[in-house]
Amino acid sequence: MAQVKMTVNGKPASGEVEGRTLLVDFIRDTLGLTGTHVGCDTSQCGACVVHVDGKAVKACSMFAAEAEGTEVTTIEGMAAEDGTMTPVQKAFQEFHGLQCGFCTPGMVMSAEAMLKDNPSPTEAEVREYLKGNICRCTGYHNIVKAILAASGQDVSNIAAE
Amino acid sequence: MYAFEIERPSTVADAVALLKQSDENQALGGGQTLIPTLKQRLAAPEVLVCLSGIDEIKGVCTDDDGRICIGGGTTHGEVAAGSGAYPALVWMAENIGDPAVRNRGTIGGSLANNDPSACYPAAVLASGATVVTNEREIAADDFFDGMFATALNEGEIITEVKFPVPEKANYQKFEQPASRFALVGVFVAKFADGVRVAVTGASEEGVFRWTEAEEALNGNFSASALDGLSVPADGMISDLHGSGAYRAHLVAVMTRRAVEAA
Amino acid sequence: MPKDGGIGASSKRREDVRFLTGAGNYTDDINLRGQAYVHFLRSDVAHGTLDNVDTSAAEGMPGVLKVFTGADFAEVGGIPCGWQVTDRHGEPMQEPPHPVLAQGKVRHVGDPIAAVVAETREQARDAAEAIEVDISDLPTVMDMKDALKDGATKVHDDLTSNLCYDWGFVEENKGAVDEAIKNAAHVTTLELVNNRLVPNAMEPRVAVGDYSRGTDDSTLYTTSQNPHVIRLLMGAFVLGIPEHKLRVVAPDVGGGFGSKIYHYAEEAFCTFAAKKLNRPVKWTCSRSEAFISDAHGRDHVTKIELALDADNNFTAVRTETYANMGAYLSTFAPSIPTWLHGTLMAGNYKTPNIYVNVKAVFTNTVPVDAYRGAGRPEATYQLERVIDKAARELGVDPIELRRQNFVTEFPYATPVAVEYDTGDYNACMDKLLEMIDMSGFDKRLADSKAKGKLRGLGVNCYIEACGIAPSNLVGQLGARAGLYESATVRVNATGGITVMTGSHSHGQGHETSFAQVVADMIGIDESMIEIEHGDTANTPMGMGTYGSRSIAVGGSAMVKATEKIIAKARKIAAHLMEASEADIELKDGQFSVAGTDKSVAWGDVTLAAYVPHNYPLEEIEPGLEETAFYDPANFTYPSGAYACEVEVDPETGKVTIESFAAADDFGNVINPMIVSGQVHGGLAQGIGQALLEQTSYDADGQLLSASYMDYAMPRADDVPFYDVDHSCQTPCTHNPLGVKGCGEAGAIGSPPSVVNAVVDALQRAGHDVTHIDMPLTPSRVWQAMQG
């Protein structure tokens, strides 16, 4: 066991971890931040995406020890202190971009990272960027639409109901 | 996962020293392949020597010969961002896995693993790149040694990969629908002194050079030069995603497309 | 004008805020004090005799609390099957035992052999590796037709064969059907495979068992679509715990699609072990484990014949299907290829003679049960494919051939024992044709050609049956359960309402749409209503959510309970206003006396119910809480017309979905936004089945597509924006909301149009291809083009 220290959602976080402790297990089990989910064991589904030093990573494919000294942001750290959701979060609700909610934290974290890199993506770019985030409920229609809307683009011409 | 210790050295020398302490110690690059493997308990290292804290093997620069030199610990995302002088390499890097994987996975890790469906081996082999380690420089043609096997010795770490920049190049990747690895990927690079064609995803022997295509293209760098050329289906991977014959067919299709797009 | 609230409004989902901010409460988020962890040692061979299971080394490993084997469950019941099918000869199906942990034999890769409970997850897994298992391999039973041959190795030694049942429907029709086919002007025959699918809800299954010695109460937290059903099956049949000592909680559940209906061994194990060890016991399934332990879906091999007269009227349909049950009977498995499949074989058409034969077969594979659509996709796929093939053989327009044979008068009694109450199949087809710009197809085809691509258009119709019912009928058909639904509506003193429903939401948005219904009925704001579900301790006995039944059956129960509430509130209001009850009107949350300006607000009435100072105590009880159970009179019959346009890369065989349009008739719609979302998701699953999802076993019974590395899940770049419409509405005649259900339609209706489109593209390009089995992977399409 070894001690790791990092900043999680702007606050110092530390704990004892084994070598094999994944970042996602540290976040979920040690810190009790259960918004980050685990949906696969082959680094593909993206339910566990968090930001490490500002970059989207799969928390199931990084050891907690590797996050020593980093700034980690999880889904719990996205909304403002008063609960106000980010434009991406709001757009997911507005455009029904989620159903069961299990993939949603990873989707939102990927979408936030995408829009930081590419503030006005095309539909194809959004779909391409989401390759690593699997959703079984929505058929992606409203997720893509929500992200385009969150980027400030007009989505009124996209089939709605 | 089996239990192991993690060490996070900050220099190549320290990493090598740790790896040499025991045959059971293993290097960890970005972990995007190794960590899933550990989860399946298919590997049981005593110590994982994590290379992500070694700054001296990160980053992209250009050397005096105009080669693009990429540190072994550079992520796919950083390769894509830093290799603008070699657009085919950029495209290849930015189409590996997904963005989150590209923020962790490294060129050195991919090459050391030499997955038969990985993209980097095709780029390195087609470019005639040089793989630099803490011990030596290894020419691309000497580096790959069949599926999941390379010329690397125990405890040898890829510190840098030097890519000569071709006159023209293109990478065509036909994705396996599930993993999104290459079902067949073909990297074509045209240099002043010849054309190199490297194929990944297809062969049971891992990445290979398609020399017949190279010879045809040396005389005439156009898709028509490939007319009638094919690779034998024998020795091609056959699985639920496609037969050996299908893969052999795709090799020809992807090669032609790569030449057309180069 | 879109409505602002109530029935018909696209109210934003209230559950979203917690899911979007990481505040959901899924089963794996539940951690109990003193919790231990279980790891299941699963068979890595498909068929073998368990000669010895030596746990002694494992028992001494660090952190191990106990190692369980099949012997520990000798005194416990097996996992029950909830439906008994009777075969063609009036005999009950063969029903093998399904032990919690393997006893004597292992029958599929993934069959649990032993379970280690330890202080940590990794300790449990470490110890499981130390268990020594001797298995003598037996020949595997993989191919269904081979499994039925004389002398075939048996999956279950105590059964007479690998045949679960040989079902004929309707057996009395067989002679007439055979005769009609013999006399037909044209018969189109198609042999096809409806591919096995792995459901892959994104949340893997989790179970946490808990036990209190102080009260002798057991609690199971589980990823279930129907906690009451789990409580009944596990309590009564497996562990012998009466319902009042057993609580089952299914909190936020991350998708189900059928796979979380069933009672699984791991649930029984955790509940059992928690009591044995007096510790909470938790199991979290990994994705790799899910592939070999979640019930799979589909897996039919079918031959269908469609007979037509000289005027192209359908005269008969005859089918023979082999349906894979896997190694054991999952909870509802026997009913899927029979009552949810055979009864739908009329489709949208007035075919007079239909006979369906289904042979259900045991194999050394993971059990198969309902997956989104469950039986109806299999019926729709074969029927809509054979109609398309017939149109091509006859050289007639496939849409016109369908229209000519549509059922147009309702109610319509089919030859396969069901009665469609309403529908307008031409209206859906007309709507679809408006949506897809058929006249522009030639131009799009030319554009594709210019890019070196092939292009095709596929159309199909579907009908499905939702809200399977009524209970007395399904009882006759072999169901060992009722199929009603329940609701308790609890009005609080200050007017807010808590509805406790037996339905379960695992993505469907009931918390929003159910509240819309109650708000609409009373005329109050949706925010005054809270929907509770998922906990047997505070919800009335209900059957849960599957088969697109929640709004049609659960919603109806809630309407009935709310009607009781309104009736009582009306009495109270009459008393408060000293008026006759007959004169009381309820509008916008105000009770008024007709023809006067007297009124009292909803909140005044509810307060009076709980502070009954001025109250008709001699007539009615205080309080305002009502429960209703609703048992539907019939299924509901959603229908629709779908169209898919594809491009095919002739060099690689890769199919790209260029557009997808769906015109559905769901009857009345409560929340159009949610309904569209349900269709979108169903379409992606149908497209996934048609193009991507391949469950592949080798001859030794090893699952080759056992992770996302080989099982292709639809991703965002595999699908387009869909065009969906549900403006064709023929309300259901027998439920109070006039709703039909929308949860499965997309997955039922979409596979045939994708395959029809690919065949169309290939034929337009001159390839003599009449059928390709799903999934239409690039390699399969390329292979088909090679001739």
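Every read-out reported here was derived from the displayed coordinates using simple, explicitly stated rules and does not represent laboratory data. A quick note: this is a predicted structure, and the numbers were derived from the prediction, not measured. Because the Cβ atoms are built from the backbone with ideal geometry, glycine has one as well, and the counts that use them run over all protein chains shown.
Points to keep in mind about this one:
- For peptides C:315-324, B:2-11, C:647-656, sequence by mean Cβ density within 10 Å, most packed first: C:315-324, C:647-656, B:2-11
- ³J(HN,Hα) computed for each position of segment C:629-641 - Karplus, 6.51 cos²θ - 1.76 cosθ + 1.60, integer Hz, glycine/proline x: 10, 10, 10, x, 7, 7, 5, 9, 10, x, 8, x, 10
- Taking 7 Å steps out from each Cα toward its Cβ at residue C:426 and residue C:698 produces label points 5.7 nm apart.
- Cβ neighbours within 10 Å from other chains - mean over B:100-113: 4
- The distance between label points at residue B:22 and residue B:154 comes to 1.3 nm (points 7 Å beyond Cα on the Cα→Cβ vector).
- From the Kirkwood radius over Cα pairs of segment A:87-150, Stokes-Einstein at 4 °C and 1.567 mPa s returns a whole-number translational diffusion coefficient of 115 µm²/s.
- Remark: the residue C:525-residue C:179 segment gains 118.5 nm on full extension, using 0.36 nm per residue and subtracting the alpha carbon distance.
- Most to least packed among C:241-254, A:141-154 [average Cβ atoms within 10 Å]: A:141-154, C:241-254
- Shielding by partners - mean other protein chain Cβ count within 10 Å, residues of B:32-41: 5
- Calculated FRET value between residue C:18 and residue B:224, using beta carbons and R₀ = 56 Å, to 0.05: 0.40
- For segment B:146-196 and segment C:717-783, distance of Cα centres in Å: 39
- Chain C - charge dipole about Cα centre, Lys and Arg +1 at Cβ, Asp and Glu -1, debye rounded to 20: 320
- With each label modelled as a point 7 angstrom along the Cα→C-beta vector, the residue B:41-residue B:205 pair spans 3.7 nm.
- The stretch between residue C:599 and residue C:611, if pulled fully straight at 0.36 nm per residue, gains 2.4 nm over its current Cα-Cα span.
- Shape category assigned to segment C:1-158 from the gyration tensor of Cα positions, a/c cut at 1.5: oblate
- At R0 = 45 Å, FRET efficiency that the Cβ-Cβ distance of residue B:145 and residue C:444 yields, to 0.05: 0.35
- Count Lys and Arg as plus one, Asp and Glu as minus one, and take only other residues whose Cβ is under 12 Å from that of residue C:20; the net charge is then 0.
- Considering only C:696, B:66, C:383, the residue lying farthest towards the positive end of the dipole of the protein assembly as shown is C:383, judged by Cα position with unit charges set on Cβ.
- Only Lys, Arg, Asp and Glu carry charge here, each on its Cβ (+1 for the first two, -1 for the last two); on that basis the protein assembly as shown has a dipole of about 880 debye about its Cα centre.
- Positive-end ranking of B:82, C:8, C:94 along the dipole of the protein assembly as shown, with charges on Cβ about the Cα centre, is headed by C:8.
- In percent, rounded to a whole number, the relative contact order of segment B:5-163 is 23, using alpha-carbon pairs under 8 Å and six or more apart.
- Loop-resident trypsin sites (Lys or Arg not before Pro) (DSSP state other than H, G, I, E or B) in segment B:69-154 with no more than 16 further Cβ atoms inside 10 Å of their Cβ: B:136.
- Each of C:316, C:332, C:349 was scored by the projection of its Cα onto the charge dipole of segment C:261-350, and the greatest displacement toward the positive side belongs to C:332; charges sit on the C-beta of Lys, Arg, Asp and Glu.
- Prolate/oblate/rounded label for chain C (Cα gyration tensor, a/c 1.5): oblate
- Estimated FRET transfer efficiency (residue C:627, residue C:403; beta-carbon r; R0 56 Å; 0.05): 0.75
- Proximal charge balance of residue C:286 [Cβ under 9 Å; K/R count +1, D/E count -1]: 0
- Magnitude of the charge dipole for segment A:2-77, about its Cα centre and with charges confined to Cβ atoms of Lys, Arg (+1) and Asp, Glu (-1), is about 140 debye.
- Exercise: per-residue mean of other protein chain Cβ atoms within 10 Å, A:118-125: 1
- Structure-based [θ]222 nm, the protein assembly as shown - -39500 (n - 2.57) summed over DSSP H runs of at least 4, per residue, nearest 500: -7500 deg cm²/dmol
- Convex hull per residue volume in Å³, alpha carbons only, for segment B:57-116: 84
- Taking Lys and Arg as +1 and Asp and Glu as -1, the other residues whose beta-carbon sits under 11 Å from that of residue C:495 total -2.
- Each of B:259, B:207, B:12 has some number of other Cβ atoms within 10 Å of its Cβ, and from fewest to most they run B:12, B:259, B:207.
- 23 Å Cα-Cα threshold exceeded, pairs from A:5/A:58; C:174/C:303; C:443/C:654; A:55/C:12: A:55/C:12
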